[in-house]
Amino acid sequence: MRAVAALGALSLGACAAEGGMAGDAARFAEAMTRAGCVVASDAQAAIVEDHTGFDKDKLRAISNDMLESGALVEVPGGIRLTTGTCANA
């Protein structure tokens, strides 16, 4: 499933933060919000990919970092943002 492959890759270890990661995470979070706070389908993954413009490796790195920090959680078939307006989604 594209959503899991592109954004999840949840079995990978968390990536270390590097320069610009905070801004990238904010952009990713904004895209997750546009996708409805959850990415569990190809259509939702496409929204995040299109909004951020990030390649699959960068999306994996950001999602893994956010999973490690608790800003994302795993849900059946995908991931959910737990911050901002998505905190209570």
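The values are calculated or read from the model by the stated rules, or taken from the named source; none is laboratory data. None of these values were measured; they are calculated from a predicted model. When we count neighbours, we look across all protein chains shown, and the Cβ atoms used for this are built from the backbone with ideal geometry, even at glycine.
A few comments on the model shown:
- Scanning the stretch 70-88 for residues that are in a loop (DSSP other than H, G, I, E, B), more than 15 Å from residue 25 (Cα to Cα) and in contact with a strand residue (DSSP E or B) (Cβ under 7 Å, 6 or more places away or on another chain) returns no hits.
- Scanning the stretch 32-89 for residues that are aliphatic (A, V, I, L, M), surrounded by 13 or more Cβ atoms within 10 Å (Cβ to Cβ) and more than 12 Å from the chain's Cα centre (by Cα) yields a single hit, 89.
- First in the stretch 77-89 and among the basic types (Lys, Arg), second anywhere and assigned to a strand (DSSP E or B), Cβ under 6 Å, 6 or more apart: 80/38; 80/73
- Residue match in the stretch 46-61 (condition: aromatic (Phe, Trp, Tyr), at pLDDT 90 or above and more than 18 Å from residue 80 (Cβ to Cβ)): yes
- Every condition in (1) modelled with pLDDT under 90; (2) of a type in the set (A, V, I, L, M); (3) under 9 Å from the mean Cα position of the chain (by Cα) holds for residue 21 except the one numbered (3).
- Residue tally, condition touching a Gly at 6+ places or on another chain (Cβ under 8 Å) and not in a helix (DSSP H, G or I), over the stretch 20-64: 4
- Set 67, 7: member being in a helix (DSSP H, G or I), modelled with pLDDT of 95 or more and among the hydrophobic types (A, V, I, L, M, F, W, C): 67
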